[in-house]
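To keep things clear, I will list the structure first and then write my remarks on it.
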Amino acid sequence: MDEEKRIGVFVCHCGTNIAGVIDVKALAEYAKTLPNVAYAEDYTYVCSTPGQTMIRDAIKEHNLNGTVVAACSPRLHEPTFRKATEEGGVNQFLFSMANIREQNTWVHMEEPEKAMQKAKDVVRMEVARASMLEPLTAKTVPVEKAALVIGAGIAGIQASLELADAGIKTYLVEKEPSIGGMMSRLDKTFPTLDCSQCILTPKMVDVERNPNIELMTYSEVEDVSGYIGNFDVTIRQKSRYVYEDKCNGCGKCQEVCPVSRPNEFDLGLQPRKAAYVPFPQAVPLKFTIDMDSCIKCDLCKTQEACGDLEAIDFDKPDELVTVKVGTIIVATGFDMYDVERKEEWGYKVFDNVVTGLEMERLISASGPTGGNVIRPSDGQKPKSVGFVLCAGSRDQDEEDGAKPYCSRVCCMYSLKHAHQLIEKIPGCVPYLFYMDIRSFGKAYEEFYYRIQNEGGKFIRGRVSRITEDPITKNLTVTAEDTLLGQLLEMELDMVVLANAVVPAESTQKIKTLLTLSNSPDGFLLEAHPKLNPMSTTTDGVFLAGMCQGPRDIPDVVSHAAAAAAAASIPIHRGSVTLEPIFAIVDQEHCGGCATCIGLCPYGATELNEVDGKLVASVNEAKCKGCGTCGSGCPSGAIKMQHFTNEQIMSEIEAFAQGW
Amino acid sequence: MAEEFEPNILGILCNWCTYAGADLAGTSRMQYPPNVRVIRIMCTGRLDPAFVLKALSVGADGVLVSGCHIGDCHYLAGNFKSRRRVALLRKLIEEYGYDRERLRMTMISASEGAIWAEVVQDMVNTIKKLGPNPLKQAVAAGQEGVAADDEF
């Protein structure tokens with residue numbers, strides 16, 4: 001570039017976060033000595049309004065044409081300072097950021113001198129980079145006025161209803177035959193004791209009736225391409241072997257079906273047929289033939305069953321549907337920890353040891369026992385029930401796949417079970433073995449007091465072993481009562497393991513398709529844990545509910561509504577600004593070797609004949625800016641904008657200039 | 001040498017995984033040696049082999065490339081390509097007289113701040129054992145013209 005480079009360097013104190021470790025004034029003074037630096041200054045908080053004003057004013061006052069801020073991570077504040085630079089009248093892509101906090105003063109607190117040297121080096125490198133940056137123009141593209149929601153538990157349902165009510169066409173994809181998710185399996189919800197189905201079913205029906213929602217059950221997202229505003233999504237609608245438009249939900253196919261197998265919805269506690277709906281309130285109320293169990297006896301097709309409706313067709317294939325959406329919400333929920341791995345508790349070995357979710361089905365009026373809580377071994381009503389809290393949560397035993405985090409729902413649902421047992425079975429005593437009772441939500445602590453007053457017994461200590469009397473099938477629970485400092489052995493009729501919630505297996509595929517990341521706990525990673533818990537690092541993709549981490553129903557609903565609001569913003573705005581970080585081909589130097597064609601994962605590089613010569617070109621809309629083609633081009637004809645060879649090489653040269 | 005040798009290592013990190021992981025190490029205040037200067041690129045797929053050669057030729061004692069785990073690449077497969085390139089580059093730099101351990105590629109996710117701290121510590125230990133960049137050693141020993149006509 002011909003114009004003389006005049007770069008301004010702004011060093012942030014970040015309170016004492018940076019200034020407490022290194023000498024920020026000396027760093028600014030050092031910056032003044034660097035080539036192309038016309039101005040340098042330090043300030044307590046550069047990201048604050050006065051700090052940003054300082055950048056704008058300095059640009060004008062000192063006629064700057066490039067800026068460098070030495071502060072926190074560009075992953076945090078790059079957009080802030082780009083904006084300030086642009087407002088000062090300089091192209092926002094002529095800004096570069098030196099990370100002297102996350103990757104310096106916070107990690108080298110004990111070595112201030114070396115941290116200072118590193119800060120100087122990094123500022124020098126960024127100034128060198130800023131000297132080579134070129135102005136770019138951000139591109140604006142229109143946004144498709146539709147959204148996709150993956151998963152139709154309470155999170156997906158809530159998000160879809162919010163989007164649809166905001167006038168946005170919403171595709172709601174659910175892999176199971178019915179929507180409703182985990183919440184549809186619950187009996188009552190804590191602490192208000194609302195019946196879960198009673199509050200959920202109306203929402204499920206709303207989803208089915210809402211003209212803006214296109215419900216796709218028994219379907220899975222197969223492929224996603226494109227970018228924010230313009231995602232192309234391929235959805236596999238698995239064959240139910242039943243035509244949904246012909247099935248009226250009469251259930252005669254189910255009546256005649258001779259096959260019996262465990263119902264997944266009831267966790268196998270009662271059977272279902274091969275022709276089935278998972279539960280009576282299912283939405284849509286359309287039957288599904290489970291072809292893995294079907295014996296093709298054709299009884300369901302007879303005149304007494306489906307007959308004239310002719311809704312059943314064993315040859316009905318899967319269908320692939322492609323939809324175009326502007327934004328995507330992931331609401332893929334969670335799985336339950338496989339507590340069988342904790343051998344000391346004897347789950348699946350002793351009949352009367354059940355999980356929290358199994359207890360939920362046993363206690364539910366729509367469950368296998370019609371809400372009569374019975375011992376699986378003999379059908380008797382239990383008079384004493386132990387609850388093992390934190391079964392797989394707050395447990396650092398990696399070998400058993402246990403999780404160090406708190407699952408956030410088990411304390412409360414165990415309290416609720418305790419209440420329900422006291423209510424349903426006169427004389428029944430629940431014993432809760434706990435580490436801490438975490439009753440943190442609105443009216444939760446009050447609910448805890450209520451169960452104490454109702455006669456729930458609380459023992460602070462972990463259960464180390466459960467054994468079974470082979471004749472009575474009663475269980476002996478061994479635990480330490482840490483408040484009394486005593487070892488405790490107690491004979492109980494039944495034990496409920498409040499097992500942890502864990503990341504859903506099925507989320508993995510979605511994670512890969514949308515290039516999302518995990519946090520250390522295995523749940524999906526949010527854009528920012530506090531300030532942006534519903535967004536992801538993939539623009540246009542949002543998170544709702546348990547897929548991001550354990551939370552209870554009120555929190556899931558709030559999170560889903562937040563995700564819907566965030567997902568509706570680009571749609572309502574009608575357009576999004578894309579980073580102009582894409583590759584361009586210098587066709588004069590391109591030899592047409594096609595190396596870049598094989599390197600691009602998005603098919604953005606194309607080979608065309610121009611003036612009788614084969615040359616490559618990059619489709620801007622498809623290019624995501626990884627730069628893989630640029631570093632593979634043998635003739636150096638591909639330029640990766642904002643990360644050009646010249647820019648990176650200048651950083652490397654500056655790296656070596658300090659020593 | 002009077003002072004203990006402090007290696008100068010160039011880190012080339014992808015924006016989505018390792019750079020974020022290194023930020024997490026910072027947010028968690030994990031302490032590690034201050035020997036790495038980081039260049040952020042969007043994807044390790046952007047790693048031009050020339051970057052590594054350039055870094056060594058200007059005197060870097062080591063180059064640490066780090067990106068997403070296989071299957072986690074934000075751009076689907078950039079890390080596959082850089083892994084390939086780094087494997088080849090390690091052989092190439094050996095031909096030039098550099099120990100292959102001076103170039104290393106790791107895969108560190110956005111949630112693995114602790115691993116980033118460990119990797120830096122480990123890389124610093126390795127380079128301390130290897131000593132300064134042989135090019136710098138040669139220059140220090142007064143072998144003039146070594147860079148021009150010898151194996152460098």
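The values are calculated or read from the model by the stated rules, or taken from the named source; none is laboratory data. It should be emphasised that the depicted structure is a prediction, and the values quoted were computed from it without experimental measurement. Counting neighbours? That spans all protein chains shown, and the Cβs are built from the backbone with ideal geometry, glycine included. The accessibility values were calculated without ligands, DNA or RNA, using every heavy atom of the protein model including side chains. Shrake-Rupley method; radii C 1.70, N 1.55, O 1.52, S 1.80 Å.
With within 30 Å of A:Ile168 (Cα to Cα) and assigned to a loop (DSSP other than H, G, I, E, B) as the only criterion, which of A:Thr322, A:Thr332 stands out?
Selected residue: A:Thr332, the only one of A:Thr322, A:Thr332 that is within 30 Å of A:Ile168 (Cα to Cα) and assigned to a loop (DSSP other than H, G, I, E, B).
Across the range A:189-244, what is the total count of residues that are closer than 22 Å to A:Ala564 by Cβ, in a loop (DSSP other than H, G, I, E, B) and open to solvent by less than 20 Å² (accessible area, probe 1.4 Å)?
Qualifying residue count, the range A:189-244: 2.
Select, from B:Gly59, B:Gly45, the only residue that is assigned to a loop (DSSP other than H, G, I, E, B), of a type outside the set (Phe, Trp, Tyr) and farther than 20 Å from A:Asn104 by Cα.
Just a single option satisfies the conditions, and that option is B:Gly59.
Report yes if some residue within the range B:91-98 is within 14 Å of another protein chain (Cβ to nearest Cβ) and either open to solvent by 40 Å² or more (accessible area, probe 1.4 Å) or over 28 Å from A:Glu526 (Cβ atoms) (or both); otherwise report no.
Taking every residue of the range B:91-98 in turn, none turns out to be within 14 Å of another protein chain (Cβ to nearest Cβ) and either open to solvent by 40 Å² or more (accessible area, probe 1.4 Å) or over 28 Å from A:Glu526 (Cβ atoms) (or both).
Given the structure, is A:His572 part of a loop (DSSP other than H, G, I, E, B) and more than 13 Å from chain B (Cβ to nearest Cβ)?
Against the criterion (part of a loop (DSSP other than H, G, I, E, B) and more than 13 Å from chain B (Cβ to nearest Cβ)), A:His572 does not qualify.
Would you check if there is a residue in the range B:26-42 being farther than 28 Å from A:Gly20 by Cβ and either modelled with pLDDT of 95 or more or crowded, with 24+ Cβ neighbours inside 10 Å (or both)?
For the range B:26-42, residues farther than 28 Å from A:Gly20 by Cβ and either modelled with pLDDT of 95 or more or crowded, with 24+ Cβ neighbours inside 10 Å (or both): present.
Give all pairs with beta carbons closer than 8 Å in which a residue from the range A:78-91 that is at pLDDT below 95 meets a residue that is hydroxyl-bearing (Ser, Thr, Tyr); count only pairs at least 6 apart in sequence or on separate chains.
Listed by first residue and then by second, the contacts come to nothing, as the list is empty.
Would you mind stating whether A:Gly8 is at pLDDT 95 or above, within 17 Å of A:Arg129 (Cβ to Cβ), open to solvent by less than 20 Å² (accessible area, probe 1.4 Å) and not charged (D, E, K, R)?
Here the answer is yes, as A:Gly8 does meet what is asked.
Can you tell me which residue is farthest from A:Lys5 (Cα to Cα) among those in the range A:99-121 that are buried (at least 24 other Cβ atoms within 10 Å of the Cβ) and over 34 Å from the mean Cα position of the chain (by Cα)?
Here the answer is A:Lys118.
Can you tell me which residues in the range A:110-141 are over 16 Å from A:Ala28 (Cβ atoms) and either small (Gly, Ala, Ser) or out of contact with any helix residue (DSSP H, G or I) (no Cβ under 8 Å at 6 or more places or on another chain) (or both)?
Selection gives A:Glu110, A:Glu111, A:Pro112, A:Glu113, A:Lys114, A:Ala128, A:Ser131, A:Thr137, A:Ala138, A:Lys139, A:Thr140, A:Val141.
Go over the candidates A:Glu620, A:Glu606, A:Glu588, A:Glu579 one by one and state the one that is more than 10 Å from chain B (Cβ to nearest Cβ) and modelled with pLDDT under 90.
A:Glu620
Looking at A:Tyr45, A:Tyr39, A:Tyr30, which one is more than 14 Å from chain B (Cβ to nearest Cβ), open to solvent by 30 Å² or more (accessible area, probe 1.4 Å), modelled with pLDDT of 95 or more and within 21 Å of B:Val38 (Cβ to Cβ)?
Going through A:Tyr45, A:Tyr39, A:Tyr30 in turn, the sole match is A:Tyr30.
Could you list, in sequence order, the residues of the range B:1-23 that are open to solvent by 20 Å² or more (accessible area, probe 1.4 Å) and either more than 8 Å from chain A (Cβ to nearest Cβ) or under 22 Å from B:Leu88 (Cα atoms) (or both)?
Of everything in the range B:1-23, those that are open to solvent by 20 Å² or more (accessible area, probe 1.4 Å) and either more than 8 Å from chain A (Cβ to nearest Cβ) or under 22 Å from B:Leu88 (Cα atoms) (or both) turn out to be B:Met1, B:Ala2, B:Glu3, B:Glu4, B:Phe5.
Residues in the range A:346-381 that are more than 31 Å from the chain's Cα centre (by Cα) and buried (at least 22 other Cβ atoms within 10 Å of the Cβ): how many?
Matching residues across the range A:346-381 total 2.
(1) assigned to a strand (DSSP E or B); (2) within 14 Å of chain B (Cβ to nearest Cβ): which one isn't true of A:Tyr171, the others all being true?
With respect to (1) assigned to a strand (DSSP E or B); (2) within 14 Å of chain B (Cβ to nearest Cβ), A:Tyr171 is out only on (2).
Of the residues that sit in the range A:439-473 and are basic (Lys, Arg) and under 18 Å from A:Val496 (Cα atoms), which one is surrounded by the fewest Cβ atoms within 10 Å (Cβ to Cβ)?
A:Arg465
Test B:Val65 against the criterion of being within 19 Å of A:Glu651 (Cβ to Cβ), more than 8 Å from chain A (Cβ to nearest Cβ) and in a helix (DSSP H, G or I), and give yes or no.
Judged against the criteria, B:Val65 is not a match.
For the list (1) under 17 Å from A:Cys629 (Cα atoms); (2) more than 7 Å from chain A (Cβ to nearest Cβ); (3) touching a residue at least 12 places away in the same chain (Cβ under 8 Å); (4) open to solvent by 10 Å² or more (accessible area, probe 1.4 Å), I need the number of the one condition that B:Lys81 fails.
(2)
So, in the range A:93-114, of the ones that are assigned to a helix (DSSP H, G or I) and touching a residue at least 24 places away in the same chain (Cβ under 8 Å), which residue ends up farthest from the other protein chains (Cβ to nearest Cβ)?
So the residue we want is A:Leu94.
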